[in-house]
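Here's the structure, in structure tokens; my notes come after.
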Amino acid sequence: MTDHRLSPDDPRLDALQRAADDLPREVAPAAAAWPAIRARIEEARVVPMGAQTPTARRRASSRWRLAAAAAVLVVGSSATTVLVMRSEADAPATAAAPTAATTTAASPSTPGATSPGNVGAARQVARSVWADYDAASVDLERVLQARRSRLSPATVQAVEESLRTIDRAIGEARAAFEKDPASRDLMDLLDSVYRQKLDLLRRANELPLRSS
Amino acid sequence: MPPLPASFSIPSPMDDDIARAQRGDVDAFERLYRTHVGRVNALCIRLTGGRGAEELLQDVFVRIWEKLPSFRGESALGSWMHRVAVNVYLVSRRSELRREARVVTSDEPESLGVDAARGFVTDDPDARIDLERAIARLPAGARAAFVLHDIEGYLHEEIAEMQGIAAATVRAQLHRARKLLIEVLES
């Protein structure tokens, strides 16, 4: 093989770059590509994290309706309550919700409690919902981590303290729920706190970055 | 996050379709797909050398669908999709490298199998095809470096960050790719 040493000013590099620049920027896909993608999306029930159809939202709202959670807030500090209530007031209409898995549970007939026959199912569904929330949180936390060095230290501290508070409340509420899986209030409380966590992460990820 | 390549610009998508797709509207997502698929498909073909490009394209758009709610509009949707495509490719390539040897690893230009006589005459469609073929037959690392840097406009440091390797390694792979392509197309 001939020895072709390339120096930065080698005219062949310019020629190669021109050839690369001249390559088509778009290539039409096979006709079958979109049907296959759509089938994978629909058959696998791949729902965008944080998204629900209006119908699913209505059903989820019905099942997961917020209760007067503060009365049973043995799981959270008053600071958490303040944070949750304030964030609730500020929360955008597009607040995150878990995936369609939330829509499959049977609705309990009595407010504030789940009938004994449904306790096992409720616990299973709740865990599925929380797994969805956790997955969504992980994604948003990754984004936050990537932006962290370009946020002000005060902002980072405030966000991280809020997240610690929320995570503590989630942990305590989940522990309480494991002891009392018939409590729909606890489920509702957890749903609410998880939503606040996602909302906090979203808003943190929308904060302007420092220029340097 | 480093800036996206300035050379990557595509028509602006409909914000309404983005919002609808983020809420789970597959029809809106299809419109976004139609707008951007040509560019993403070209990238998939070049990164894979054509082997498994169709499967990669599907994986990329399924992943885009999954991740779309996290798109905050800080960059153009096309640039964001582009980044997702590169990430999906890199993940699949890591898996591939773990389970099988690469198809072409030779530094011998004749192994790239192009019509060397055609050279770089870029207004000649056949020459473009030859360059595409030569790119497709590059070793995977060199190919990724060439495609991402010389065609897509990413910086060495961006490519290094995406692949989890040193920028010096990217430069070495790029040099290798250019050298091989020049030898093949010029000889």
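Just one of the listed residues (A:Ser183, A:Ser128) is within 17 Å of the chain's Cα centre (by Cα) and more than 14 Å from chain B (Cβ to nearest Cβ), namely A:Ser128.
Results for (1) touching a residue at least 60 places away in the same chain (Cβ under 8 Å); (2) more than 29 Å from A:Arg210 (Cβ to Cβ), shown as yes or no for each residue.
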site: A:Arg127; (1), (2): no, yes
site: A:Val138; (1), (2): no, no
site: A:Glu141; (1), (2): yes, no
site: A:Arg147; (1), (2): yes, no
site: A:Leu151; (1), (2): no, no
site: A:Thr155; (1), (2): no, no
site: A:Ala158; (1), (2): no, no
site: A:Ser162; (1), (2): yes, no
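On the basis of being part of a helix (DSSP H, G or I), within 22 Å of B:Asp150 (Cβ to Cβ) and either more than 9 Å from chain A (Cβ to nearest Cβ) or at pLDDT 90 or above (or both), does B:Val62 make the cut? No.
Is it the case that segment B:65-74 has a residue that's modelled with pLDDT of 90 or more, assigned to a helix (DSSP H, G or I) and under 12 Å from the mean Cα position of the chain (by Cα)? Within segment B:65-74, not a single residue is modelled with pLDDT of 90 or more, assigned to a helix (DSSP H, G or I) and under 12 Å from the mean Cα position of the chain (by Cα).
The values are calculated or read from the model by the stated rules, or taken from the named source; none is laboratory data. Everything numeric in this text was worked out from a predicted model, so none of it was measured. Note that we place each Cβ from the backbone using ideal geometry, even for glycine, and neighbour counts take in every protein chain shown.
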